[in-house]
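Trainee: This is the structure I want to talk about, given as structure tokens.
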Amino acid sequence: MLEVNGLSTGYLGKDVVHDVSLGVGTGEAVAIIGSNGAGKTTLFRAVCGLLGISAGSIRFDKAEITSQAAHRIARQGLAYVPAERRLFPFMSVRENLALGCYPAAVDPARLEFVLGVFPPLGQRLSQRAATLSGGEQQMLAVGRALMARPRLLMLDEPTTGLSPKLAHAAYRALDALKQEGLTLLIAEQQVPLALSVADRGYVLEDGRVQLEGPAEDLAKSPAVRRAYLGVA
Amino acid sequence: MRAILATGALLSLVPLWLGDSRFLMGLAIGGLVFAAYAVAFNVIFGETKQLFLCVGALAGVGGYLSANFADRAGWPLPASVVAAALIATGLGGLFSWVAVRRSLDVIFTGIVTLAFSLSYANLLLGQRTFTGGENGLAVASGSETAIRGHASAYYLFLAVLLTYLAVYRLLQRSHVGWAFRSLRDDEQAAELAGVNVSRYRIQAGLIGSAMLGLAGALLAHHEGFITPSTYAFGHVDVRVLVMLAFGGIGTLLGPVLGAAVFTITDELLVGVGQLREVAYGLLVIVLFLFFRRGAIPALTSRLRRLRA
Amino acid sequence: MTAVVLDGIVLGLQFGLLGVGLTLVYGLGGVLNLAHGQLAVVAAIAAALALGAGVPAGVAALGGVLMAGLVGLILDASLMRSVYRQPTEGRVLLGLLLTLGVSFVIAGFLVWQFPIEALSLNIGGGAVELLGVRMRRGSLLASAIALVAGGALLAFFRLSTLGRAVRSVIQDEEGAKLVGINPASIRTFIFVLSAILAGLVAITRSMTSPVPVTAGIDLTILALVVTVVGGLGSVPGAFVAGILLGIVNTVSSFYIGQYITSIVLLAAAALTIVLRPSGLLGQRP
């Protein structure tokens, strides 16, 4: 569904991501793992149109989206949940979710579905997004992205600011969504969690793909274990 | 400094060239006054990015106050001028100080100073006893002296302009000036480097306002008659903006160049009436849209690149 | 005294409408449109010309307002795009200076072409009594229009999808992009809307006193003061500030004088900036 070829991108003329190629098949869950500063966020921002590209191409469902503006890419079914979430702070949970359907008005059936995935949101529909807890904000951010019935959901470090319990709950929800057929691309520092849900993974370090393969292979790879799992 | 002396030498030849034409000399003196205003605005805006939309008003404070001090209170001319200039200095310094203390950014400084400009205009219209309202005020003081003449007034204003240029140059060259220039590019970096951004802003506000007040006061005594439109926003501020945007914001001689070009242009456009306003509006748009630091600097750097 | 206050409210409602347009454009893009008042004058002159040509009042008024919207659209397409492309720091300054230039261009052109035009919409019929005060029908109609417009705006922003989209761009532009909202289109829409609102104010003002071709600067300053006092970017703030300042205006004019009143209003803006930059209801300082 998503094909990234030879992508290089960065800030202020200096590339941070070099020649990255990756793919996500329909119905797959793919993880991008790497430490802080590896370039995961930069890569994601480039893919979803928030950052300019210096080289390479991106195809979404066979369509070229390489230099498209973020809002157009979003309307084609690629939903991105950044690490900072980017909620609308002075709007209620309900309004935030409603905007997920833009330009259409709220789809009640879809709202039901999303609230089913994240029940706590249902109890806070009138609450302002800025007053939610970290975990609730994360749920709202993912929920808002889901409202548009995306074909591909990209998540950048979805466990940021979440307690271990909430992080596990988040990944259980993602797993459930995957079972229902949603295609996922997740950037994650917490390797075990990421690999628990992913089918395949890429290891990104210094802006380049260092390793790739099926999730179980990566989990067993000595290099990965040493670098990210702290296992000697 | 050599550039200033050269400019001074060049400009001092103008009266010889213009001869006895009262009209042309009046224009030339007007040009010098606007050049002085532009240098002052350059100090405040060009160097420290404070958008003082009250150039005319501060000059007007100098003008009307000095006229009143001299004619009504009977003070000697020099004392009136200095006192008026000091009050203008205080006002401008106040704006800078408030902006710094409250960490106001450019838009708020612009609004506050614009509000001051308009309030002052209304004050001039309302306080008839002191200002003559829209009919204007005759300024008796100075009428028998050199300041009322043609060539003599010209050289006086030229000396004032050259002094302002020298002050500007000294500011640029001093450690204060280094701070000014680093302010232009990155305020946060300047702060980190230990540059006291706030203090320099206030200093610039004070110095620039002093320049404006002094020039405005001298103008009042030279002309012998001032009206609110002498110092109005639409008359002064817009022209100064265009002059600086053309000649080069933050350059030494940009204000002088801009003043020269637009004093002439202004006169050429007199026949067009209201369309002159349109022309100035278009100039502001085009100049600020296409040239970040000024038309002349952009053109000279392009020329330099072509030659290289 | 009641009469003065009621007059103040009538005036204030229009002040509010005037400020709303300005505050919206600022809230969305950080641009303070110093040509706002001139857009109102465009509507006034267009309507006056239509009236002079025999067009019925309602149609002329509508035409004027649409004309203002058209000019706003042209401005947005030509100049504003360049301004929005700047990073925030340079944008504010460029916006101020460019719109200042535009205001001179529009004012200069209109005064040159139509030096003595003014719009006056005479609403016939006798006076009406309200709270023991005789009010002209023109005042009441103007207030009614302003109230309806204000209500429609509030409903629009609260309830409609597009209105919500506008608020989202103000609150988090990147988040808006991620849900498929095009901030540039929204900004164009709001700019045209603000021009239409300015035109509407010219129409309502003309029901109580003539709007001359030279009114642009005064209207811009009024809008500026209302916007600043209400809080840059706050629509309810603009209305509240508008009504307050309207009352201040009429009371001060009645008891003190015209020139001092202008100074009082400007001082209100300056004081707000110095003491409470976020204004009465502003969300961001």
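What follows is calculated from the coordinates using simple rules that are stated; it is not laboratory data. This one's a predicted model, so the numbers in the text were calculated from it and none came from an experiment. Cβ coordinates were reconstructed from backbone atoms using ideal geometry, including for glycine residues, and neighbour counts include every protein chain displayed.
Trainee: Using the Cα centre of region B:2-233 as origin and beta-carbon charges of +1 (Lys, Arg) and -1 (Asp, Glu), tell me which of B:A88, B:L114, B:S152 is placed farthest towards the positive end of the dipole.
Mentor: Of the candidates, B:A88 comes out farthest on the positive side.
Trainee: Can you work out the Karplus-derived ³J(HN,Hα) for every residue in region C:243-257? Use 6.51 cos²θ - 1.76 cosθ + 1.60 with θ = phi - 60°, whole Hz, and x for glycine or proline.
Mentor: Here the 3J(HN,Hα) series is 5, 4, 5, x, 5, 4, 4, 5, 4, 5, 4, 5, 8, 10, x Hz.
Trainee: Which number do you get for Rg(Cα) / (2.2 N^0.38 Å) in chain B?
Mentor: That works out to 0.97 for chain B.
Trainee: Cβ neighbours within 10 Å, averaged per peptide: list A:171-181, A:141-151, C:70-80 in order, most packed at the top.
Mentor: Peptide ranking by packing, descending: A:141-151, C:70-80, A:171-181.
Trainee: Calculate log10 I(q)/I(0) of the protein assembly as shown for q = 0.06, 0.09 Å⁻¹, where I(q) comes from the Debye formula with a single equal point scatterer on each Cα and nothing for solvent.
Mentor: So the normalised log intensities work out to -0.49, -0.97.
Trainee: Per residue of A:100-110, what is the mean number of Cβ atoms on other protein chains within 10 angstrom of that residue's Cβ?
Mentor: 3
Trainee: Report the residue, chosen from B:V272, B:V98, B:V14, that carries the largest GNM mean-square fluctuation when chain B is represented by alpha-carbon nodes joined by springs under 10 Å.
Mentor: B:V272
Trainee: Sorting C:T161, A:T26 on the 10 Å Cβ count, fewest up front, what's the list?
Mentor: A:T26, C:T161
Trainee: With springs only between Cα atoms under 10 Å apart, run a GNM on chain B and tell me which of B:A85, B:A38, B:A279 wobbles the most.
Mentor: Judging by the Gaussian network model, the answer is B:A279.
Trainee: Please compute, over every Cα-Cα pair in region B:19-110, the percentage with a separation greater than 24 angstrom.
Mentor: Distances greater than 24 Å cover 35 percent of the Cα pairs.
Trainee: Let me see the pair-distance distribution of chain A: every alpha carbon pair, 10 Å bin width, integer percents in order.
Mentor: Bin by bin from 0 Å, the calculated values are 8, 33, 37, 19, 3, 0.
Trainee: Distances over 22 Å make up what percent of all Cα-Cα pairs in region C:191-276?
Mentor: So the portion of pairs separated by more than 22 Å is 26 percent.
Trainee: How are the Cα pair distances of region C:106-224 distributed, in percent, across 10 Å bins from 0?
Mentor: Pairs per bin, as whole percents: 12, 29, 28, 21, 9, 1.
Trainee: Hey, quick one: spin label on C:I116, modelled 7 Å out along Cα-Cβ, who in region C:15-58 has an amide N within reach, i.e. under 16 Å?
Mentor: Counting backbone N atoms under 16 Å from the label point, the list is C:49, C:52.
Trainee: OK, next. If the reach is capped at under 25 angstrom between alpha carbons, list the lysines near A:K40, excluding any in the same chain fewer than eight residues apart.
Mentor: Hits, sequence-local ones excluded: A:K14, A:K62, A:K165, A:K178, A:K220, C:K177.
Trainee: For a Förster distance of 51 Å, can you work out the FRET efficiency between the beta-carbons of B:A9 and B:D105, rounded to the nearest 0.05?
Mentor: 0.75
Trainee: If one computes the Cα centroid of region C:58-96 and of region A:155-232, what distance in Å separates the two points?
Mentor: 48
Trainee: Next question. Report, to two decimal places, the Cα Rg of region C:2-275 normalised by 2.2 N^0.38 Å (N = number of residues).
Mentor: Rounded to two decimals, the normalised Rg is 0.98.
Trainee: Give the residue from C:F15, B:A70, B:L170 lying farthest towards the positive end of the charge dipole for the protein assembly as shown; charges sit on Cβ (+1 for Lys and Arg, -1 for Asp and Glu) and the dipole is referred to the Cα centre.
Mentor: Value: B:L170.
Trainee: Evaluate peptide C:87-97: per residue, the Cβ atoms of other protein chains within 10 Å of its Cβ; return the mean as an integer.
Mentor: The per-residue average across the peptide is 4.
Trainee: Per-residue mean of other chain beta-carbon atoms within 10 angstrom of the beta-carbon, peptide A:143-153?
Mentor: 1
Trainee: Once you charge only the Cβ atoms, +1 for Lys and Arg and -1 for Asp and Glu, what is the size of the charge dipole of region A:86-149 about its Cα centre, to the nearest 20 debye?
Mentor: So the dipole magnitude of region A:86-149 works out to roughly 100 debye.
Trainee: How much length is gained on full extension from A:R225 to A:S35, taking 0.36 nm per residue of separation minus their Cα-Cα distance?
Mentor: Separation in residues times 0.36 nm, less the Cα-Cα distance, equals 67.1 nm.
Trainee: Let's test the formula: R0 of 41 Å, r as the Cβ-Cβ distance of A:S54 and A:R172. What FRET efficiency results, to the nearest 0.05?
Mentor: Approximately 0.60, to the nearest 0.05.
Trainee: Shifting gears a bit: Hey, how many Å between the Cα centroid of region B:249-286 and the Cα centroid of region C:246-263?
Mentor: Result: 37 Å between the Cα centres.
Trainee: Return the long-range amide H neighbours of A:L155 (sequence gap of 5 or more, or a different chain), with a cut-off of under 5 Å between placed amide H atoms.
Mentor: For A:L155, the qualifying residues are A:V81, A:L185, A:I186, A:A187.
Trainee: What is the ratio of the Cα radius of gyration of region A:1-129 to 2.2 N^0.38 Å, with N the residue count, to two decimals?
Mentor: Computed over Cα atoms of region A:1-129, the ratio equals 1.20.
Trainee: Moving to a separate point now. Using the number of other C-beta atoms within 10 angstrom as an exposure proxy, rank A:M1, B:M1 with the fewest first.
Mentor: Final ranking by Cβ density, sparse to dense: B:M1, A:M1.
Trainee: Shifting gears a bit: Which whole number of Å³ per residue matches the convex hull of the alpha-carbon atoms in region B:96-180?
Mentor: Convex hull of Cα atoms, per residue: 155 Å³.
Trainee: Once you've got the GNM for chain C with C-alpha springs shorter than 10 Å, pick whichever of C:L147, C:L266, C:L275 has the biggest mean-square fluctuation.
Mentor: C:L275
Trainee: For chain B, what relative contact order do you get, as a whole percent, if you take Cα pairs closer than 8 Å and at least 6 residues apart?
Mentor: 31
Trainee: Over the Cα atoms of region A:86-149, how large are the radius of gyration and the largest Cα-Cα distance (Dmax), in Å?
Mentor: 10.2, 28
Trainee: Could you compute the FRET efficiency for A:T66 and B:A79, with r as their C-beta to C-beta distance and R0 at 51 Å, rounded to 0.05?
Mentor: It comes to 0.10.
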